[in-house]
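Asker: This is the structure I have questions about; it appears just below.
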Amino acid sequence: MNTTVNIAGVTFKNPVMTASGTFGSGMEYSEFVDLNRLGGVVTKGVANVPWPGNPTPRVAETYGGMLNAIGLQNPGIDVFMERDLAFLKDYDTNVIVNVCGKSVEDYLEVVERLADANNVAMLEINVSCPNVKEGAIAFGQKADALFDITSRIKKVAKQPVIMKLSPNVTDITEMAKAAEAAGADCVSLINTITGMKIDINRKTFALANKTGGLSGPAIKPVAVRMVYQVAQAVNIPIIGMGGIATAEDAIEFILAGASAISVGAMNFVNPYATIEIVEGIETYMKAQGVDDINDLIGAVK
């Protein structure tokens, strides 16, 4: 039974990886999860300098999910390379570094620093960051801005580039096409959906930031729909995410057109979720008589 998938020339032992920001950079979950069993570990977003993140409270529970407004708190590329990348060298899994920034130059600085990191298999570019030069509109909310940042990153990146698409747009396929046209090797979707919660007793916002990103099972039907739409619109591989809690969820995304999937919010609920999904996909393949996981990718038209 073959569970390996190939994405932009990178071979994954199975299609299960972690969603950025929900798994630390691997170290935090390593006592629960054997990282060697995962197809890939996607790190928390890293910027060129340390980011303090947003004021608290930054997390709120919602029906079927959660809101977060962490604000991409991270220690910066120097600490990340010395501590997190060094730790991940000991594991047989693909390391995908999520990159964030407030200007194109910020992104390029991180991408250039990672160019010679021999244990970084791919880069995932978080274009849901607010672009300070565009009045805080996210890079991923305008097709021309997405095309520009993708093409500029591709000029300096040594690793294959995944553009992580925001669902907070009118037409997700327009954004995917812009990323593909600019040379992206892959797209991942979806990032969180903007939401809000109000504490009716305190008569105030549940998050200090007022709005936050909605993730968890509640967003899965939206994510599956968007993955399917993008799979019909572009020819580059897709990594699907958004509310995946079980192997059945993961298989839905694969049938819709995703070559691999990322597990996010469920890591907070069940730290063993990724391994259970790896095993569950194998169980499903045996039950269905499927010898090759690649036969399932985009099988539902």
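The values are calculated or read from the model by the stated rules, or taken from the named source; none is laboratory data. On a predicted model such as this, the values are computed, not experimentally measured, just so you know. Neighbour counts are summed over all protein chains in view; Cβ atoms, including those assigned to glycine, are modelled from backbone coordinates with ideal geometry.
Asker: Return the residue satisfying two criteria in turn: it lies in the stretch 118-165 and is of a type in the set (Ser, Thr, Tyr) and modelled with pLDDT of 95 or more, and of such residues it is farthest from Gly101 (Cα to Cα).
Answerer: Checking each candidate, the answer is Ser151.
Residue-by-condition table, conditions (1) modelled with pLDDT of 95 or more; (2) within 24 Å of Gly213 (Cβ to Cβ); (3) crowded, with 17+ Cβ neighbours inside 10 Å:
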site: Thr11; (1), (2), (3): yes, no, no
site: Thr18; (1), (2), (3): yes, yes, yes
site: Thr62; (1), (2), (3): yes, yes, no
site: Tyr91; (1), (2), (3): yes, no, yes
site: Asn94; (1), (2), (3): yes, no, yes
site: Asn98; (1), (2), (3): yes, yes, yes
site: Glu105; (1), (2), (3): yes, no, no
site: Val110; (1), (2), (3): yes, yes, yes
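Asker: Could I ask something else about it? Check Val156, Val169 and return the single one that is under 29 Å from Arg58 (Cα atoms), touching a residue at least 12 places away in the same chain (Cβ under 8 Å), surrounded by fewer than 20 Cβ atoms within 10 Å (Cβ to Cβ) and aliphatic (A, V, I, L, M).
Answerer: Selected residue: Val169, the only one of Val156, Val169 that is under 29 Å from Arg58 (Cα atoms), touching a residue at least 12 places away in the same chain (Cβ under 8 Å), surrounded by fewer than 20 Cβ atoms within 10 Å (Cβ to Cβ) and aliphatic (A, V, I, L, M).
Asker: Mind counting the residues in the stretch 43-54 that are surrounded by fewer than 24 Cβ atoms within 10 Å (Cβ to Cβ) and of a type in the set (S, T, N, Q)?
Answerer: Matching residues across the stretch 43-54 total 2.
Asker: Which members of the stretch 257-276 meet the condition of being among the hydrophobic types (A, V, I, L, M, F, W, C) and over 17 Å from the mean Cα position of the chain (by Cα)?
Answerer: Passing the criteria: Val269, Ile275.
Asker: A further question on this structure: Listed residues Ala218, Ala231, Ala245; which is more than 14 Å from the chain's Cα centre (by Cα), assigned to a helix (DSSP H, G or I), at pLDDT 95 or above and more than 16 Å from Asn68 (Cβ to Cβ)?
Answerer: Going through Ala218, Ala231, Ala245 in turn, the sole match is Ala231.
Asker: Filter the stretch 1-20 for residues that are part of a loop (DSSP other than H, G, I, E, B) and of a type outside the set (Val, Ile, Thr); which is farthest from Ala250 (Cα to Cα)?
Answerer: Gly9
Asker: Here's a follow-up. I'd like to know if the stretch 27-42 contains one or more residues that are under 21 Å from Ile125 (Cβ atoms) and either basic (Lys, Arg) or surrounded by fewer than 22 Cβ atoms within 10 Å (Cβ to Cβ) (or both).
Answerer: The answer is no, given that none of the residues of the stretch 27-42 is under 21 Å from Ile125 (Cβ atoms) and either basic (Lys, Arg) or surrounded by fewer than 22 Cβ atoms within 10 Å (Cβ to Cβ) (or both).
Asker: Identify all residues within the stretch 199-213 that are part of a strand (DSSP E or B) and either of a type in the set (Val, Ile, Thr) or touching a Lys or Arg at 6+ places or on another chain (Cβ under 9 Å) (or both); write none if there are none.
Answerer: Passing the criteria: Thr204, Phe205, Thr211, Gly212.
Asker: Identify the residue in the stretch 196-233 that is closer than 26 Å to Ile96 by Cβ and either touching an Asp or Glu at 6+ places or on another chain (Cβ under 7 Å) or free of Cβ contacts under 8 Å to residues at least 40 places away in the same chain (or both) and, among all such residues, is surrounded by the most Cβ atoms within 10 Å (Cβ to Cβ).
Answerer: Once the filter is applied, the top-ranked residue is Val227.
Asker: Let me ask something else. Of the residues Ile193, Ile244, Ile236, which single one is surrounded by fewer than 23 Cβ atoms within 10 Å (Cβ to Cβ), within 30 Å of Asn270 (Cβ to Cβ) and either without any contact (Cβ under 8 Å) to a residue 60 or more places away in the chain or in contact with an Asp or Glu (Cβ under 9 Å, 6 or more places away or on another chain) (or both)?
Answerer: Ile193
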